[in-house]
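Worksheet: one structure, shown below.
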Ligand SMILES: Nc1ncnc2c1ncn2[C@@H]1O[C@H](COP(=O)(O)OP(=O)(O)OP(=O)(O)O)[C@@H](O)[C@H]1O
Ligand SMILES: [Mg+2]
């Protein structure tokens, strides 16, 4: 069904990196057409709010030009609990049309925002354990946040046609690249600069999502504080592991301590998942986001959580033409996970 429909660009506006991906379906396989990443100065986007929209617009325009993006139709996404609420609820059985009519009323008691301030969407998941009830996924996104992100994309010359949620885009990326084992629970964890998105799939179907307001900024801030550095120097130190007058051991100790805080937050999500599912096991963690690239993070997470961890291969089932720098793509693969998931969307998708 997807093949044959027009491509759209996937645009992931993060607080540290803006990523854009354009795919083309050729004979039943996706080909990478365009991919670009640009870095934002700090403080332009804080807690999911775009504070300096004109500089974000400039950054997107620059990205469109350098990545040579050729299509305007775009999917973007929101995340963070101050922007999007995702709830699984049990409602009396009714048809999709009936629920469309009554969703506002039904959602009101579950959504912590004024119902007039959100756009609502839902998906009927199936019959519930209780008689005459059904399980429904409700998604409520703040209208002002949608507007903020849609506006910068428009001002950059794009035509936003889909507003998705990071956690669902990650799920799309996963479906494209991984074989589903019906017996397994897989946690996709996206560690950005300021946000962690968790989506736990049971037999390939999302059963739990949670966003937390921490990420790789914790590493940077810890380095800034410990060694009295500017933000830019701390970011450099984080990636290079050492600089004049600062030993690798000291840097590593600071990074480990910040990683432990991030991992504690991930573990909290896993605990909630276990609480709501009769203490089910998580078989594997698929890690996305730049925050996961910080030295030592992967083994520490695996050790603390007691779960096998793999870096996301978001381009695994996508054909990469020779014109791309494979080494660069391999490094950036986890960072573009959301953008890849968004680029898989098609106009008319719900
Ligand atoms: N080798 C690396 N290359 C790029 N970023 C890295 C690397 N190592 C660590 N990072 C960190 O990854 C984070 C950025 O990751 P990412 O691009 O996924 O975040 P984002 O989507 O912009 O942020 P958010 O969604 O949280 O607003 C930053 O904190 C950055 O310092
Ligand atoms: Mg992000």
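The values are calculated or read from the model by the stated rules, or taken from the named source; none is laboratory data. On a predicted model such as this, the values are computed, not experimentally measured, just so you know. Ideal geometry is used to build each Cβ from the backbone, glycine not excepted, and the neighbour counts take in all protein chains shown.
The residues listed here are 74, 151; of these, the one that is part of a strand (DSSP E or B), at pLDDT 95 or above and either under 26 Å from residue 337 (Cα atoms) or in contact with a helix residue (DSSP H, G or I) (Cβ under 7 Å, 6 or more places away or on another chain) (or both) is 74. Any residue that is without any contact (Cβ under 8 Å) to a residue 24 or more places away in the chain, in contact with a strand residue (DSSP E or B) (Cβ under 9 Å, 6 or more places away or on another chain), under 27 Å from residue 218 (Cα atoms) and outside any helix (DSSP H, G or I) - is there at least one of those in the stretch 316-335? Yes, the stretch 316-335 contains a residue that is without any contact (Cβ under 8 Å) to a residue 24 or more places away in the chain, in contact with a strand residue (DSSP E or B) (Cβ under 9 Å, 6 or more places away or on another chain), under 27 Å from residue 218 (Cα atoms) and outside any helix (DSSP H, G or I).
Condition test on residue 188, is it more than 16 Å from ligand 2 (Cβ to nearest atom) and in contact with a helix residue (DSSP H, G or I) (Cβ under 8 Å, 6 or more places away or on another chain)? Here the answer is no, as residue 188 does not meet what is asked. Taking first residues from the stretch 194-217 that are farther than 19 Å from residue 339 by Cβ and partners that are in a loop (DSSP other than H, G, I, E, B) and within 15 Å of ligand 2 (Cβ to nearest atom), the Cβ contacts under 6 Å between residues at least 6 apart in sequence or on separate chains come to 217/193; 217/194. Pairing each residue of the stretch 83-100 that is surrounded by 15 or more Cβ atoms within 10 Å (Cβ to Cβ) with any residue that is in a helix (DSSP H, G or I), provided the two are 6+ apart or on different chains, yields C-beta distances under 6 Å for 83/145; 91/106. The set of residues in the stretch 273-290 being more than 16 Å from ligand 1 (Cβ to nearest atom) and either touching a residue at least 40 places away in the same chain (Cβ under 8 Å) or on the phi < 0 side of the Ramachandran plot (or both) consists of 273, 274, 275, 276, 277, 280, 281, 282, 283, 284. Residue-level check: of (1) closer than 22 Å to residue 170 by Cα; (2) within 16 Å of ligand 2 (Cβ to nearest atom), residue 29 misses just (2).
With the structure loaded, tell me whether residue 171 is surrounded by fewer than 18 Cβ atoms within 10 Å (Cβ to Cβ) and within 17 Å of the chain's Cα centre (by Cα) or whether it fails that test. Quick ask: steps written out before the conclusion?
Values: surrounded by fewer than 18 Cβ atoms within 10 Å (Cβ to Cβ): no; within 17 Å of the chain's Cα centre (by Cα): yes.
Here the answer is no, as residue 171 does not meet what is asked.
All of 23, 35, 40 fail the test of being over 18 Å from residue 176 (Cα atoms) and either in the same structural domain as residue 150 (by TED's automatic domain parsing) or within 13 Å of ligand 2 (Cβ to nearest atom) (or both), apart from 40.
Yes or no: the stretch 55-62 includes at least one residue that is on the phi > 0 side of the Ramachandran plot and crowded, with 17+ Cβ neighbours inside 10 Å. Steps first, answer last, please.
Restricting attention to the stretch 55-62, the residues satisfying the condition of being on the phi > 0 side of the Ramachandran plot are none.
No, the stretch 55-62 contains no residue that is on the phi > 0 side of the Ramachandran plot and crowded, with 17+ Cβ neighbours inside 10 Å.
Against the conditions (1) away from ligand 2 (no atom under 16 Å from the Cβ); (2) surrounded by 22 or more Cβ atoms within 10 Å (Cβ to Cβ), residue 14 satisfies every one except (1). Considering the stretch 218-233, the residues that are within 16 Å of ligand 2 (Cβ to nearest atom) and touching a residue at least 40 places away in the same chain (Cβ under 8 Å) include one that is surrounded by the fewest Cβ atoms within 10 Å (Cβ to Cβ), namely 218.
Sort through 221, 183, 131 and tell me the only one that's more than 14 Å from residue 286 (Cα to Cα), away from ligand 1 (no atom under 16 Å from the Cβ) and in the same structural domain as residue 269 (by TED's automatic domain parsing). It would help to see each step written out before you state the result.
Working: 221 fails: away from ligand 1 (no atom under 16 Å from the Cβ); 131 fails: in the same structural domain as residue 269 (by TED's automatic domain parsing).
After ruling out the rest, the residue left standing is 183.
Scanning the stretch 245-273 for residues that are farther than 16 Å from residue 301 by Cα and either touching a helix residue (DSSP H, G or I) at 6+ places or on another chain (Cβ under 9 Å) or modelled with pLDDT under 95 (or both) yields 245, 246, 250, 251. Filtering 26, 46, 56 for residues that are within 12 Å of ligand 1 (Cβ to nearest atom), touching a residue at least 12 places away in the same chain (Cβ under 8 Å) and farther than 20 Å from residue 164 by Cβ leaves a single hit, 46.
Note on the stretch 154-167: among residues that are part of a strand (DSSP E or B) and either within 16 Å of ligand 1 (Cβ to nearest atom) or out of contact with any strand residue (DSSP E or B) (no Cβ under 6 Å at 6 or more places or on another chain) (or both), the one that is farthest from residue 7 (Cα to Cα) is 165.
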